[in-house]
1. Please give the number of the condition residue 71 fails out of (1) of a type in the set (A, V, I, L, M, F, W, C); (2) modelled with pLDDT under 90; (3) within 11 Å of the chain's Cα centre (by Cα).
2. Suppose the filter is out of contact with any Gly (no Cβ under 8 Å at 6 or more places or on another chain) and outside any loop (DSSP other than H, G, I, E, B); does residue 78 pass it?
3. For the subset of segment 24-64 comprising residues that are over 17 Å from the mean Cα position of the chain (by Cα), of a type outside the set (Lys, Arg) and not in a strand (DSSP E or B), which member is surrounded by the fewest Cβ atoms within 10 Å (Cβ to Cβ)?
4. Can you tell me which residue among 139, 99, 118, 123 is over 17 Å from residue 32 (Cβ atoms), under 20 Å from the mean Cα position of the chain (by Cα) and modelled with pLDDT of 90 or more?
5. Name the pairs: first residue in segment 140-152 and touching a residue at least 60 places away in the same chain (Cβ under 8 Å), second residue assigned to a strand (DSSP E or B) and of a type in the set (A, V, I, L, M, F, W, C), Cβ to Cβ under 6 Å, at least 6 apart or on different chains?
6. Looking at residue 110, is it surrounded by fewer than 18 Cβ atoms within 10 Å (Cβ to Cβ), modelled with pLDDT under 85 and outside any loop (DSSP other than H, G, I, E, B)?
7. Evaluate segment 99-106: report whether one residue or more is among the aliphatic types (A, V, I, L, M), surrounded by fewer than 15 Cβ atoms within 10 Å (Cβ to Cβ), in contact with a Ser or Thr (Cβ under 8 Å, 6 or more places away or on another chain) and under 18 Å from residue 73 (Cβ atoms).
8. Show the residue pairs meeting these rules: Cβ distance below 7 Å; 6+ apart or different chains; first residue within segment 121-135 and closer than 10 Å to residue 85 by Cα and among the basic types (Lys, Arg); second residue modelled with pLDDT under 95 and surrounded by 13 or more Cβ atoms within 10 Å (Cβ to Cβ).
Amino acid sequence: MKLILPLLLLCTLAHAQNKHAGYAYIGGTTFLSQKLNNYGGVGLGAGFSPNSHFAFGGGVDLFPFDDRFEFAQAFVDIREYFGGLNKKISPFISIQPGAVFYKTTSTNGTEERTGSFAINVVAGILFQLQKSIGIYLDAGYSNMSFVVNGTKTSYGGLKIEGGISFSIF
């Protein structure tokens, strides 16, 4: 959250100088994995766009809905809009390297698990409903790493997101 507010401020300040200042989004996110189970949560982020095609920023996926496994994934968001941010329909790809924030110790003290590296690679589509409001849907590969009793373990799976996008022109 501390990262998103400065990015929104940066986008607002850049508005006067750049017609394609930035974006922000909020929506639902899922992580579907055979090894780690399936988790649903909330994804939000914001970024700066120096032109109508390229954008970079930050985001976080929060998975608070499971009382035995709550974690967050924070990431840098690097994306390319193929149609441009100001088009009615804009396909995009996004690469999101980051980290998993999680720490727990089992009730009997035999297992300690902490978060580690994460990366998402997604492709999606943005539908502009109005000049600055749209809806998006994306899907792709997600890999989250954890350290369990000193040994790194990675879990890959399908990431699916959808929600509301705000373009700041």
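The values are calculated or read from the model by the stated rules, or taken from the named source; none is laboratory data. Just so you know, these numbers come straight off a predicted model, no measurement behind them. Positions of Cβ are generated from backbone atoms using ideal geometry, with glycine treated the same way; all protein chains shown enter the neighbour counts.
1. (3)
2. Yes, satisfied.
3. By that ranking, first place goes to 34.
4. 99
5. These pairs meet every condition: 142/31; 144/100; 144/118.
6. When the stated conditions are applied, residue 110 does not pass them.
7. No.
8. That search, which allows pairs on different chains as well, returns 131/169.
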